[in-house]
1. With open to solvent by less than 20 Å² (accessible area, probe 1.4 Å) and among the charged types (D, E, K, R) as the only criterion, which of E418, E451, E459, E477 stands out?
2. Considering only the stretch 329-371, state which residues are under 27 Å from the mean Cα position of the chain (by Cα), open to solvent by less than 20 Å² (accessible area, probe 1.4 Å) and under 20 Å from L318 (Cα atoms).
3. Looking at (1) open to solvent by 20 Å² or more (accessible area, probe 1.4 Å); (2) touching a residue at least 60 places away in the same chain (Cβ under 8 Å); (3) within 23 Å of the chain's Cα centre (by Cα), which is the one condition that is false for G484?
4. Check whether at least one residue in the stretch 479-492 is closer than 28 Å to A396 by Cα, outside any strand (DSSP E or B) and charged (D, E, K, R), and report yes or no.
5. Take the residues in the stretch 209-236 that are open to solvent by 20 Å² or more (accessible area, probe 1.4 Å) and among the polar types (S, T, N, Q); name whichever of them is farthest from the chain's Cα centre (by Cα).
6. Which one of R80, R30 is open to solvent by 40 Å² or more (accessible area, probe 1.4 Å) and either touching a Ser or Thr at 6+ places or on another chain (Cβ under 9 Å) or over 25 Å from S435 (Cβ atoms) (or both)?
7. May I ask you to list the residues in the stretch 209-226 that are assigned to a loop (DSSP other than H, G, I, E, B) and in contact with a strand residue (DSSP E or B) (Cβ under 8 Å, 6 or more places away or on another chain)?
Amino acid sequence: MRTTAVPEARRRAVLEVSDLTVEFETRAGRLRVVDGVDFEVAQGETLGVVGQSGAGKSVTMLAALGLLPSSARLVRGAARLEGVDLLQLRPKELRNVRGKDIGMVFQDPLTSMHPSFRVGDQIAEAIRLHDAGVSRAGARIRAIELLELVGVPFAARRWRDHPHQWSGGMRQRAMIAMAIANGPKLLVADESTTALDVTVQAQVLGVLRDVQRETGTAIVLITHDLGVIAEMADTVVVLHEGRAVESGTVGHVFASPRLPYTAGLLARGPSRSRLRPAAPRVDSGPVLEVRDLVTHFRSRSGRHSDVVHAVDGVSFDLHPGESLGVVGESGCGKSTLVRTIVRLLHPTSGTIRFEGRDITGLAGRDLREVRARLRIVFQDSFSALNPRRSVGDIVAEPLRTHGRHGAGGGGRVRELFEMVGLQPDLSGRYPHQLSGGQRQRVGIARALALEPKVLVLDEPVSSLDVPIQAQILELLERLQRDLGLAYVFVSHDLTVVRRICDRVAVMYVGRFVEVGDTATVYADPAHPYTRALLSAVPITSPAERGSGRRIVLVGDLPDPAAPPSGCRFHTRCWLAFDRCVVDEPTLQRIDAQRVCSCHLVSPIEAASIGESGFLP
């Protein structure tokens, strides 16, 4: 296990929070959201703050930093930074502390950075605000050094970029650089890796570890990802309904939780993810067949028009009652693929057959009829639901559109609400009046309204905390069992895919690089990219720290408007050799359970193993 960066004899508390209580003014009166919370974090130590959404994690730290909204009222408590109570400081004094002694890394770096200013200039501004003696040129040089420290490639050139020109992982690195620019004593990371792919998450966590090792900074990690806590934290405090219900060393809390609430969080965490047994193959043939699917876009940059190779020759079959997981980093083409399958995007070439019918060129009424049985559930349940309509009307909308509402429409809506575990009396509420998990259930109920055969699920649980995520996955498993649904399940969470999917397809820059039975791929990944993805999954127990199993990929995904020659993964592959640069590998069967495209993996004759069933 990792030890703290500072020897025990020299450990001193950097932040001490005691009896912190916060209330919000609401129409119904005052609502207490933080209730007498106590914790501390020492120099060189990492404290994990965990709990369900609404437990008070973020509000606790925002209160300590003086960043609460105007509707909040601090009732009592103290937050001492090396003995100085932050809650007693005047606004000007607090501004001098924030950014200098305390650095903050927020969840969404895109909205946390100014879109009109260059990345390097924003970091330089943070330096000059707290050190008036630094010149603009000096601050810029320091900004470039910080970008290099957090692992931004070609920092001397890329500091001139604007935030939208960087990937999510790169922007998060820039936010970390800004947060550590003035050598803070405390670094607060609020869900800083929640929306990131496992490979980018591993890179960001590595940067935080390096920063702590070099500077001895105390870190507070706010997250609902227990794998991140197991990997990074020394101590943990568990919040529930605004109260700190359990705390201690990570090893002790993970091994022997005192309370059922903590045990419930751990029971739904990554260490408890079970492997789904393969679904029996139905003899009636595939319900969905995709062959050589290509979706390209025209992207104009200045005077030039580039072709973005979002999906570039994908094939697979999906059988009734089966789940196919599609995994890969952001930007690899997963969402474009599934949106093309349901014909929200028009394919450039290739064919899509649904229930034996070619739907590639369908439009109008014919396409609408197909979409009744081929439905999609989106990632962001809030933006996917009309805020001006009640959730009952939203679920009834497909029934009305297809003329199936009639006199019994209300009964069907009630049936759908009960099917997804919602009380029918919620049907009169609006999306903003429901929790994230409830909104996702509404989206699933809407997708089920017309009795579909296939559900396409695009990151359906990525924005939910662990207990709610587990509930939605249990719902999807039950619905598939009861209704015989087939799923195409897109996710960057490999633990979720392991649980929900029979087969998994690994996608990289528009193409599948490995497709096979989930148990086989997870136990013995063949493609180097698959190996890197699986090695980047957060560890399941603090005891696994330092196991050396992680493969940290260098750099970002290649630009899909200019994919590399040969194997598209060769620019990041630690095993690449000369042939990889010039000769593009094709998917070939390597055993009875899977196919793979890698020059280092030997194919075998299909005739010697019989039909595999994933690809033509």
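The values are calculated or read from the model by the stated rules, or taken from the named source; none is laboratory data. Values in this document were obtained by computation on a predicted structure and should not be read as measured data. When we count neighbours, we look across all protein chains shown, and the Cβ atoms used for this are built from the backbone with ideal geometry, even at glycine. The protein model used for the area step is the full one, side chains on, heavy atoms only, and it has no ligands, DNA or RNA in it. Shrake-Rupley method; radii C 1.70, N 1.55, O 1.52, S 1.80 Å.
1. Within the list E418, E451, E459, E477, the selection yields E459.
2. G333, K334, L337, V338, T340, I341, V342, P347
3. So G484 meets the others, but not (3).
4. Yes, that holds for at least one residue.
5. Checking each candidate, the answer is T215.
6. R80 is the lone residue from the list that is open to solvent by 40 Å² or more (accessible area, probe 1.4 Å) and either touching a Ser or Thr at 6+ places or on another chain (Cβ under 9 Å) or over 25 Å from S435 (Cβ atoms) (or both).
7. Within the stretch 209-226, T217, T223, H224 qualify.
Residue-wise test of (1) under 13 Å from P109 (Cβ atoms); (2) among the aliphatic types (A, V, I, L, M); (3) free of Cβ contacts under 8 Å to residues at least 40 places away in the same chain.
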| position | (1), (2), (3) |
| --- | --- |
| A177 | yes, yes, no |
| V188 | no, yes, no |
| E191 | yes, no, no |
| V198 | no, yes, no |
| A202 | no, yes, no |
| G206 | no, no, no |
| Q212 | no, no, no |
| T215 | no, no, yes |
| L221 | no, yes, no |
